[in-house]
Structures are given as structure tokens and as C-alpha cells.
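Enquirer: Provided herewith is a single structure, encoded as C-alpha cells, for subsequent inquiry.
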Amino acid sequence: TRNAHNKSNSPLAQYGGRFTVTMLPGDGIGPEMMNYVKEVYRYAGVPVDFEEIRFDPNSESEIDFFDAITSIKRNGVAIKGNIETRENRPGQISRNVELRNELDLFTYIMHCKSFPGIQTRHKDIDIFLIRQNTEGEYAMLEHENAPGVVESLKIVTRANSERLARYAFDLAVKEGRKKVTTVHKANIMKVSDGLFLETCTAVAKEYPNIEHNNMIIDNCCMQMVAKPQQFDVMIMTNLYGNILSNLACGLIGGPGLLSGRNMGPKYAVFEPGTRNTGQSIAGKNIANPIAMLNASVDLLDHLGLDHHAQLIGSAITKTINEDHIFTPDLHGQATSIDVVQNVIRNIQYETKAKNWG
Ligand code: ATP
């Protein structure tokens, strides 16, 4: 039973009713967040075993990194924290970017939905943000032509733009959405963003029941902070997606809440929406665990473990909207562990209620 988001055709590693999933804790707050995921899964009785791969961000060796890739190729699915990029050397490729390229995770999907329990300037935001995840400004083709003159290439291909647009429109249909907005800067980058816009517009014609409009990125930012409720599904190139997804998280309550899905034709990787390392808050029991827990719910949803996804998902929602257990990023005083324990309590309550009912 594959859900609406799952476009992956890779066989999942399922043995005797249990799934094996690759876990890359990453750096900063990643490892502690993963411990919370394991704890919550244990209480919810989730039939998932993790194959955990840690690597030293300062190591010169790529062996661990390629082990991670092999593991994801074997299991089909992974959950990850952000991997710190080693010191800023030219030519140093971000392993997060490398991983997405290697696994052809061409789409990033973030569902930006307001939590009624969190006080924010805007209410009732409900946007599916679809970002190109492997090319554009992240091609990492930069060089110094002459001293003091650098060139950075932005790659846009029709093939990747087309499958991204199709993914967005298919998702719009499945989720019962009405409008798709293509975000671009084709007035200045006439050729690259021009191709992106032209391709999305062509794909839109195949979906006559979904309205399609387009918006220039600068105006889009202004519209997002002024009236975000006007947006439904949005498609964009890589860097605009990076900026807009952070903007959307900011509108909804910060970096600790939303999750994101990296999807490709074969593999799926789940992670917190803003992809932060949170180095300075690591080990202090103050990071908000909700974003990673939501990533773990996305993963269950992808595996077709609907019951567990629903159980943990509603325990999280109740923690925020009804119990109001907030870490400092949400101006609360709860620790990370307080939040996780509350989620677990809600799971236990729900499970007991079901057993007695
Ligand atoms: P650092 O945390 O080391 O300052 P940074 O400057 O690279 O890291 P990011 O890791 O990108 O920042 O995170 C951006 C901001 O969001 C930081 O202030 C970080 O502490 C905060 N942040 C990230 N994740 C969380 C979380 N889960 N809960 C609370 N705050 C978070």
C-alpha cells in the first residue's frame, strides 16, 4: 500500500514483516534526534530496524560515505540528519548534495501547514512546496577564471524540470489541490529560468483541472510574508526552494517543526525541513525534536505503515496543539526530552484506549 507521495519503485527491504531503513544521524543535534526517533518507534511498536551509519565529518576518507549510499540503495529508504560540510575549501562538495545527486533524489517536498497551537502572525497556511533538488544553483560548478573573477554555473535541464513539474501536478491531483504556482526569475535569467518556466507551463496544459500561475521569486517572497494563504502547491528551482522553504518554516514556527521528503524514481530520504545542523544547541537538551519526529512519520507513511504513521502523527499534533509542550525555539520552557516523553505518553494513551475499546 503505497501512499500518494510515494513515487519510488525501489523494492523495500522487508523481511518477515519488518523493514530495514538506513539511518544517517549526521552532525550537531542529529544523533540525539535519532535517539528520540528510536525511542518513539519502540513505544509505538513500529516494525522497523535501523541500519545506522555514522561518519566523521573531518575524515578525509570517503569510505563511510559510500557505505551510506550503498546502504540506502539496498534498503530503498533512509532517515537523515544534516551532515556538516568540512571546512570551506574550494571544490569541497557538500555530502548532503552529493547524496541527493548520487541517489537521483530530484524532488524535495515540504508540506508547510500551520499548527493551530502555535501563535504566529499568519494562520491557516497550507502549502505543498516542491523544490528541484539536484541541479540549478547547486551544480557546484564554480571556478576562478582570472584573479578576482569567478564563474558559477546554474544548470537547468528540460528533463529534470519536466519530471519535477509532473510530480507537482500529480501530487496536486492526489491531494485535491486547486492551484500550482511556478516560482522563477525568468525576467532576468531568461534562458535558464526561462526553460524551467516554459517546461512547467507546458506540463500544466496536461492538467486542465488545476489552475497554473507563475510568480517572480522576489514578488513571491513579498507575497509569502504578506499573504501566504494564497499559495497552494508551489514549484521552484533549487536555491529559490532553499530560501522559500526556510521562509515558510519561519512563518509556521521556526526550524524545529516541519519535515521534508527527498524523492527520486528509486529512493526516498526523509529529514527535517530546514536541514539545519544546530551545532551550537547540540547536547543541551533544548533542540526541538518535532521536525525529526515528523520526518519519521513521513517515513512510515512512505513504507505504507499507515497505522503507525497515524498513531505517532497524532501524538505529535496533540503535543503541540493541545498539550502546548514547547521547547525554547517556540518560546517554551520544555526540554527536548519533555517533548518526546509527552509524545510517548500520548501514544500510550491512544494504544490503551484502543485496546480497551
Ligand atoms: P548553529 O546552531 O551552530 O548556530 P548554524 O548557524 O549553522 O548552526 P543552523 O544549524 O543552520 O545554524 O540552524 C539555524 C538556526 O536554527 C540556529 O540558530 C539553530 O540553533 C536553530 N535550530 C536548528 N534546528 C533546531 C531545532 N531542531 N530546534 C531548535 N532550534 C533549531
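The values are calculated or read from the model by the stated rules, or taken from the named source; none is laboratory data. Worth saying up front: this structure is predicted, and the values here are computed from it rather than measured. Don't worry about glycine lacking a Cβ; one is built from the backbone with ideal geometry, like all the others, and counts go over all protein chains shown. Heavy atoms of the whole protein, side chains included, go into the accessibility calculation; ligands, DNA and RNA do not. Shrake-Rupley method; radii C 1.70, N 1.55, O 1.52, S 1.80 Å.
Enquirer: How many of the residues in region 279-303 are near the ligand (Cβ under 10 Å from one of its atoms), of a type in the set (Gly, Ala, Ser) and either more than 20 Å from Lys38 (Cβ to Cβ) or open to solvent by less than 10 Å² (accessible area, probe 1.4 Å) (or both)?
Expert: So the count comes out to 3.
Enquirer: Which condition does Tyr138 not pass, out of (1) part of a strand (DSSP E or B); (2) at pLDDT 95 or above; (3) buried (at least 21 other Cβ atoms within 10 Å of the Cβ), if it passes all the others?
Expert: (2)
Yes/no per residue for (1) within 19 Å of Leu197 (Cα to Cα); (2) out of contact with any strand residue (DSSP E or B) (no Cβ under 7 Å at 6 or more places or on another chain):
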site	(1), (2)
Asn96	no, yes
Arg121	no, yes
Ile127	no, no
Thr134	yes, yes
Ala159	yes, yes
Lys179	yes, no
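Enquirer: Residues Thr277, Thr317: which one is more than 30 Å from Leu197 (Cα to Cα), in contact with a helix residue (DSSP H, G or I) (Cβ under 8 Å, 6 or more places away or on another chain) and touching a residue at least 60 places away in the same chain (Cβ under 8 Å)?
Expert: Being more than 30 Å from Leu197 (Cα to Cα), in contact with a helix residue (DSSP H, G or I) (Cβ under 8 Å, 6 or more places away or on another chain) and touching a residue at least 60 places away in the same chain (Cβ under 8 Å) holds for just one of Thr277, Thr317, which is Thr277.
Enquirer: Does Met234 count as at pLDDT 95 or above, in a strand (DSSP E or B) and either open to solvent by 50 Å² or more (accessible area, probe 1.4 Å) or not hydroxyl-bearing (Ser, Thr, Tyr) (or both)?
Expert: Yes.
Enquirer: Taking interchain pairs and intrachain pairs at least six residues apart, which have beta carbon atoms under 7 angstrom, with the first residue in region 332-343 and closer than 14 Å to Lys38 by Cβ and touching a residue at least 12 places away in the same chain (Cβ under 8 Å) and the second in a helix (DSSP H, G or I) and among the β-branched types (Val, Ile, Thr)?
Expert: Close Cβ pairs satisfying both conditions: Val340/Val40; Val343/Val40; Val343/Ile316; Val343/Thr319.
Enquirer: Further question on the same structure: If you check Val180 against the conditions, is it open to solvent by less than 10 Å² (accessible area, probe 1.4 Å), of a type in the set (Val, Ile, Thr) and part of a helix (DSSP H, G or I)?
Expert: No, not satisfied.
Enquirer: Quick one: count up the residues across region 261-278 that are within 16 Å of the ligand (Cβ to nearest atom), more than 16 Å from Leu244 (Cβ to Cβ) and among the hydroxyl-bearing types (Ser, Thr, Tyr).
Expert: Total meeting the criteria: 1.
Enquirer: Here's something else I'd like to know. In the list Asn187, Asn209, Asn213, Asn262, which residue meets the criterion of being farther than 26 Å from Asp298 by Cβ and assigned to a strand (DSSP E or B)?
Expert: Result of the check over Asn187, Asn209, Asn213, Asn262: Asn213.
Enquirer: Could I ask something else about it? With aliphatic (A, V, I, L, M), closer than 30 Å to Ile235 by Cα and either in a helix (DSSP H, G or I) or at pLDDT 95 or above (or both) as the only criterion, which of Ile109, Ile83 stands out?
Expert: Ile109
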